[in-house]
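The values are calculated or read from the model by the stated rules, or taken from the named source; none is laboratory data. Predicted, not measured: the structure shown is a model, and the values here were computed from it. Heads up, the Cβs are rebuilt from the backbone with ideal geometry, glycines too, and the neighbour counts pull from every protein chain shown. Quick note on the areas: whole protein, heavy atoms, side chains included, nothing else; ligands and nucleic acids left out. Shrake-Rupley method; radii C 1.70, N 1.55, O 1.52, S 1.80 Å.
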Amino acid sequence: MSKMMFDYTKSILERVSFDPVLFCRELEKAIKTLLPYEMEQLQEWLLNFIIEKPELKQSLLLIKV
């Protein structure tokens, strides 16, 4: 079940990545719902994802990278 939630979260974040404000809002929701080890995975994914989208770098502040 948790793998499904993590994948769902990634798909939502990918879909809203066109808007940094919306992206941060969805990331905040994900932080509240994901388990600690999923947050580590999300952090890794996010670091790789924002390489192509520098406008999303502010979202790193939310996960305290």
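So here's what we get for this one:
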{"item": "Residues satisfying the stated conditions in the stretch 16-61, i.e. farther than 14 Å from Met5 by Cβ and touching a Lys or Arg at 6+ places or on another chain (Cβ under 7 Å)", "result": "Ser17, Ile50"}
{"item": "Lys57 vs. criteria charged (D, E, K, R) and surrounded by 12 or more Cβ atoms within 10 Å (Cβ to Cβ)", "result": "yes"}
{"item": "Positions within the stretch 25-65 being of a type in the set (Lys, Arg) and either in contact (Cβ under 8 Å) with a residue 60 or more places away in the chain or assigned to a helix (DSSP H, G or I) (or both), in sequence order", "result": "Arg25, Lys29, Lys32, Lys57"}
{"item": "Flag for Leu22 being assigned to a helix (DSSP H, G or I) and open to solvent by less than 40 Å² (accessible area, probe 1.4 Å)", "result": "no"}
{"item": "Some residue of the stretch 29-46 being among the hydroxyl-bearing types (Ser, Thr, Tyr) and either crowded, with 16+ Cβ neighbours inside 10 Å or in contact with an Asp or Glu (Cβ under 9 Å, 6 or more places away or on another chain) (or both)", "result": "no"}
